[in-house]
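Below is one structure; the comments refer to it alone.
The values are calculated or read from the model by the stated rules, or taken from the named source; none is laboratory data. In this text, all values refer to a predicted model and were calculated from it rather than measured experimentally. FYI the Cβ positions are ideal-geometry reconstructions off the backbone, even for glycines, and counts take in every protein chain you see. Just the protein is used for accessible areas: all its heavy atoms, side chains included, with ligands, DNA and RNA removed. Shrake-Rupley method; radii C 1.70, N 1.55, O 1.52, S 1.80 Å.
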Amino acid sequence: MEKKRVLLGMSGGTDSSVAAMLLQEAGYEVTGVTFRFYDSEGFEEHLEDARRLASRLNIPHIIYDARRLFRERIVSYFIHEYLSARTPVPCTLCNNELKWPLLAKIADEMGIYWVSTGHYVRKVFQDGSYFIAPAADRDKDQTFFLWGLKQDILERMLLPMGDWTKSEVRAYAAKRGFERAATKKDSLGVCFCPMDYRSFLLREVSPELLPGKGRFVDESGDFLGWHEGYPFYTIGQRRGLGIHLNRPVFVKELRKETNEVMLAPLSSLYKNEMLLKDWNVVDDVRLLHRDDVIVKIRYRKQANRCTVSRTEENHLHVQLHEPLESIASGQAAAFYDEAGLLLGGGIIV
C-alpha cells in the first residue's frame, strides 16, 4: 500500500477540517470519510460541511453508513449499562472498538496505509512500541479516550493536531479562508445523546423495562425518600436527587435487584482500590508493579498515583496511593507515566 495516502475521518467540524489541510500541506494524498453513525438534529448540516470542505480541497470524500453497527455496538451498550446499574463510557468504546478499527478496515479495502482524525493527541515510538502522548493543547488533550487501541492501529495513525492549540487551529482555518470551519462550535458530550441521558432513556427504553419508583436508603438501609428508578442516578451524584435532607448526600450505590439507591456523605464515597476488566496495556514493564504510575478516571480531572498488578482472574488490580471518590462501575480508567505517555487502561468492575 502506498505510504503517502491517508484516510481521514471527517466530521465536518473545525479539527478534522484543519487536519485535512495540514495533511495536504505535508504532501499526503487525502481521502475523507464521514461516518453516518446516528441521525440527530443538525447531522445533515455536518455531513454537508464535510462534503463542501472536501470539494474545496479537491479531495475524494465518501459517506459510510454505520448506523446499524453504531446502534448495535454503542447505543445498545449505553442503554444496557444504565439498566445494569453501571455508568457507561460510550466515547471510549466508540473510539477503541468502532471508529479507529473501522477507519483501518476501510483504508485496507481502499489500499491506503495511513489513517487519521482530528484528535488532539500525539504519537511516539519508544522501546519497540507506539504510545499515544498528550497534545500540545492540554485543555483539548484526548488521550483518555484512546487507551484501548492496539499496535496494529497505532503504527498507522497520523495525528496532525497534536502540536497545535485550538486557538492556533481556528486562526489557521481563518487565514486559509475557511471561515465556517474557523468559527464552528466544539461538539460537547455524547453525540447521540446531547440531551440529559435520562430523557434519552425515557425515549428509547420501553416503559416496562424501566424499574419505576424506588427507595432512597442510607448506609444502614433506613428509608430516606422515593426516587424515580435506579437507572436515573449515577455514583457521586449530588444535584437533582429530588430529596431534601438537612445535610449534603451523594449517591454511593445503585442496587438493581431491589431498585434502591444508597445515599451517603461524601467521605463514604472514597476507595483505596479498584479492579479493571477489558483492559489493554501497551507495555507491562512500564505499568505493572511500579509506584510512579498515574491513573485517571475522569477526562479532565483527578490524576492519582497508583500501583497496578494482574490478578488470577485476569483483572487489573489498582492500588491507589491516596483514596479517590466516586469510582463508578462501568467507567474507564486510563494509565499514564510521569511524562504523560498513555500506558493503557480498562473498565472499572
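Considering only C-alpha atoms, what is the centroid distance from region 113-162 to region 8-64, in Å?
Taking the Cα centre of each part, region 113-162 and region 8-64 sit 19 Å apart.
Would region 245-328 count as rounded, prolate or oblate if I go by the C-alpha gyration tensor, calling it rounded below 1.5 in a/c and otherwise prolate when a/b exceeds b/c, oblate otherwise?
Because a/c hits 1.5 or more and a/b exceeds b/c, region 245-328 counts as prolate.
I need the fraction of alpha carbon pairs in region 63-113 separated by more than 12 Å, rounded to a whole percent.
Counting every Cα pair in region 63-113, those more than 12 Å apart make up 67 percent.
Check residue 114: other-chain or 5+ apart residues with amide H under 5 Å from its amide H, H built from backbone geometry?
For residue 114, whose amide H was placed from the backbone, the distant partners under 5 Å are 5, 7.
Would you list 243, 106 from the most to the least accessible area, probe 1.4 Å?
243, 106
Over the chain, what is the percentage of antiparallel beta bridges among all DSSP beta bridges, to the nearest 5?
The antiparallel fraction comes to roughly 70 percent.
Taking amide H positions as placed 1.01 Å from N in the peptide plane, with prolines and chain starts having none, which residues 5 or more places from residue 164, or on another chain, fall under 5 Å of its amide H?
So residue 164 has HN proximity to 136, 137.
What FRET efficiency would be calculated for the residue pair residue 175, residue 97, taking the C-beta separation as r and a Förster radius of 45 Å, to the nearest 0.05?
Working from the Cβ atoms, E equals 0.75.
Place +1 on the Cβ of every Lys and Arg and -1 on the Cβ of every Asp and Glu in the chain, take the dipole about the Cα centre, and give the residue among 23, 162, 113 whose Cα lies farthest towards its positive end.
Farthest towards the positive end: 23.
Among rounded, prolate and oblate, which fits region 1-113 when a ≥ b ≥ c are the square roots of the eigenvalues of its C-alpha gyration tensor, a/c under 1.5 means rounded, and a/b larger than b/c means prolate? Mind showing how you got there, number by number?
Working: a/c = 2.46, a/b = 1.75, b/c = 1.41.
Prolate.
What distance in nm separates the simple spin-label points at residue 208 and residue 44, each placed 7 Å from Cα in the Cβ direction?
Placing both labels 7 Å beyond Cα along the Cβ direction yields 3.6 nm.
Can you tell me the Rg and Dmax of region 117-205, counting just the alpha carbons, in angstroms?
Rg then Dmax for region 117-205, in Å: 16.7, 49.
Considering only C-alpha atoms, what is the centroid distance from region 208-229 to region 265-300, in Å?
Measuring centre to centre over Cα atoms gives 30 Å.
Please list the three semi-axes, largest first and in whole Å, of the ellipsoid equivalent to region 177-232, using sqrt of 5 times the eigenvalues of its alpha carbon gyration tensor.
Computed over region 177-232, the values are 39, 15, 6 Å.
Send over a whole-number figure in Å² for the accessible area per residue of the chain, probe 1.4 Å.
Using a 1.4 Å probe on heavy atoms only, each residue of the chain averages 48 Å².
Kirkwood Rh over Cα pairs of region 52-209 into Stokes-Einstein at 37 °C, 0.692 mPa s: D in µm²/s?
Using the Kirkwood radius from Cα pairs, D works out to 182 µm²/s.
As a test question: what accessible area, to the nearest 10 Å², does residue 145 have when a 1.4 Å probe is rolled over all protein chains in place?
The accessible area of residue 145 comes to roughly 40 Å².
In whole Å, what are the extents of region 88-127 along the principal axes defined by its C-alpha atoms, from largest to smallest?
35, 27, 21
For region 182-304, just the Cα set please: Rg and Dmax, both in angstrom.
For region 182-304, the Cα-based Rg and Dmax read 18.6, 55 Å.
Cross-link list 150/252; 105/277; 185/271: which exceed 32 angstrom alpha carbon to alpha carbon?
Checking Cα-Cα distances, 150/252; 185/271 exceed 32 Å.
Over the chain, what percent of the accessible surface lies on carbon and sulfur atoms, probe 1.4 Å?
Carbon-and-sulfur percentage of accessible area, whole number: 49.
Please list 3J(HN,Hα) in residue order for region 64-75, calculated via the Karplus relation 6.51 cos²θ - 1.76 cosθ + 1.60 where θ = phi - 60°; whole Hz, with x for glycine and proline.
Residue by residue, region 64-75 yields 10, 7, 10, 4, 5, 4, 5, 5, 5, 8, 10, 5 Hz.
Among 330-338, 133-141, how do they line up by average Cβ neighbours within 10 Å per residue, starting with the highest?
So the order, starting with the most tightly packed, is 330-338, 133-141.
Direction-averaged shadow area of the convex hull around the Cα atoms of the chain, nm²?
Mean orientational projected area (the chain, Cα hull): 19.2 nm².
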